[in-house]
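K.L.:
One structure is given below, represented as structure tokens, and several questions about it will come after.
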């Protein structure tokens, strides 16, 4: 049984920025069909700064907590700052996640990048942090038990 720290439980029980922005500037949806978690992040952008972010997540407590904190972390950041956010930073901000739940932070990171990708497509802008990014990629980096070391830099146990 996974043990969650107080901060993870707080973001699971009292999620921040939950919902959906109407007519968002960017919308990213990402999930893992293997584990069943699905995340959507919508953003509002003004002068290349994310002024609002909301999430909807179908998944476990770790997925909800990762989405909640990730959305909070990008509000007030420039697009480039948000693109530089890593799943490891999401984990650190949460105070840690069980190894088998690392993939939830990877999904949140990808959903953020997908929402920014959508914004860039709508506005015709390009960002260095999106080079080579494919929002529809079916990566194996966030498989059932974690990311197998590729997406988190070896932070999770290889299963």
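K.L.:
Dividing the Cα radius of gyration by the Kirkwood radius, what Rg/Rh value follows for the stretch 6-130?
P.N.:
Reported Rg/Rh, Kirkwood definition of Rh: 0.95.
K.L.:
OK, next. By how many nm would the segment from residue 3 to residue 84 grow when fully extended, if each residue of separation counts as 0.36 nm and the alpha-carbon distance is taken off?
P.N.:
26.3 nm
K.L.:
Something else about it: Per-residue counts of other Cβ atoms within 10 Å, averaged by peptide: what ranking do you get for 90-96, 121-127, 39-45, highest first?
P.N.:
39-45, 90-96, 121-127
K.L.:
Pop a pseudo-label 7 angstrom from the Cα along the beta-carbon direction at both residue 122 and residue 29 and give the gap in nm to one decimal.
P.N.:
1.5 nm
K.L.:
Hey, another quick one. Using alpha-carbon pairs under 8 Å, 6+ residues apart, how would you state the relative contact order of the stretch 6-130 in percent?
P.N.:
31 percent
All of the numbers you see were taken from the coordinates with simple rules; none came from a lab. Not measured: the values here are computed from a predicted model. Cβ sites come from the backbone with ideal geometry, for glycine too, and all protein chains shown count toward neighbours.
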